[in-house]
Structures are given as C-alpha cells and as structure tokens.
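Student: After the structure tokens below, expect a handful of questions from me.
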Amino acid sequence: MLILLTMLWLALNVRLPSLDEMQAEIADLGLWGPFFFVGLYAVVAVTPIPVTIMAVAAGMIFGLPVGTVLSMIGVMIGCLGGYGIARGLGRETVMRRLGSHAEVVEERLGDGGFYAVCTLRLMPGIPYWPVNYGSGALGISSRDFLIATALSALPGQVSLIAVGAFIADPSLVTALAVVISWIVVIALTLLAYRRWRATRTSQDAPAG
C-alpha cells in the first residue's frame, strides 16, 4: 500500500520538460530517442499532465505515422499503469484524489463498462488520468478497459498528432489528416455517448 501511495504521489507531481528540451534530449539519444519518448509519454499518461502536449509533440518531432505508433504505445502503457495503481489502492482512496473529476467519473463509470470508458475518453474536458484511475477503482474489467482505451484513444491521438505534424510541415496531407481525424473523433464521441445512454437506460428500466 505504501509503495502504491508513493507511486500515486509521484504521478501527481511530475514536471514535463518543454518541447525544446524534449527535442534536444531525443536528438542527443539517437536511436534511443523513440524509447525515451515512449517512456516519457507513459509517465505523462499516469499523471494529471494533459496528454495533448505529448501527442502534438509526437507529430512535430516524428511526423504522423511514426508519431502515432509511438504515442499509442506510450499512452497504453501509461493508462494501464494508472489503472493498476488504482486497483491496488481501492475505490475510497482513489476517489478522494480525483478531486473535481470524481463526480463525473463515478457517474459515468459506476456500473459501466466498455462504452462508459469510450465516452469518457472521447469527452472534451476529461483528461486521461481520472479515467484510468476511476476505471481501476470502480471495477471496470481490464479487458473492457484496454480495448475501450485502444479504440477510443487512437482517433483522438491521431487528431492531435496531425496538428503537430501540420505545425512542423503545413502540407495538404497533414491538413487533410487534421480535418478527417477530428470528424472521426466527433462522430465516435456521439456514437459512444448514445450507446452508453442506451445501456444505462436498459439497466435502470424496471424488470417486467
């Protein structure tokens, strides 16, 4: 328990290097640079630092294809790490530390599953870290959590990575990637929300 609490404290007090520092460190590391980026992204995904920063940086540093692969590896490792910490600490401890996010996380994930995780992942204004910790604390199965995270994180990651790639190389291809990926994110957000609402309605309906 003490180890898990220490990990949680460290996760909530991590400082992210600036983009210039990140680019310099990755360049200095040569072939090890992508591994450094994945590790840093995983750490960020466990913390309250918005993954938006890392996703945009991935596009600027690595471009759209490579940036997407590295970001997805990093974000999946980090999300699973937060989920595991929460499973170890338990519901009461974790929910106290979610702060202002606790109410919406408990409302959406309580008695939820795959579509609940998808909805929160895609919902604007909800960072990754409370979804990770909330899913572990509220008993979302690891299978539902991992599949929902992979499927719902990908379009959002691509949309942000495309923005970074467009900043570094404002071409027609990167511009189209930005537009298409954001259309996909909006469509999936609406679909996941409707499926989640339908699931909750059927659960709340009185037995006949």
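The values are calculated or read from the model by the stated rules, or taken from the named source; none is laboratory data. In this text the structure is predicted, and so the values were computed from the model without any measurement. Side chains included, ligands, DNA and RNA excluded: accessible areas come from the protein's heavy atoms. Shrake-Rupley method; radii C 1.70, N 1.55, O 1.52, S 1.80 Å.
Student: In Å and whole numbers, how far do the C-alpha atoms of segment 53-141 stretch along each principal axis, longest first?
Tutor: 41, 25, 23
Student: Here is a follow-up. Accessible area per residue of segment 91-133 at 1.4 Å probe, in Å²?
Tutor: That works out to 44 Å² per residue.
Student: Using only the alpha carbon atoms of segment 84-202, find the Kirkwood hydrodynamic radius as the inverse mean reciprocal pair distance, in angstroms to one decimal.
Tutor: 15.1
Student: Could you state the orientation-averaged shadow area of the convex hull built on the Cα atoms of segment 63-104, in nm² to one decimal?
Tutor: Details: hull surface 15.7 nm².
Mean projected area of the Cα convex hull: 3.9 nm².
Student: When the accessible area of segment 46-151 is split by element with a 1.4 Å probe, what percent falls to carbon and sulfur? Working shown, then result.
Tutor: On the way: 2510 of 4100 Å².
Answer for segment 46-151 is 61 percent, counting heavy atoms of protein chains only.
Student: I've got another one for you. Taking only the alpha carbons of segment 105-169, what extent do you get along each of the three principal axes, in Å, biggest first?
Tutor: 44, 21, 15
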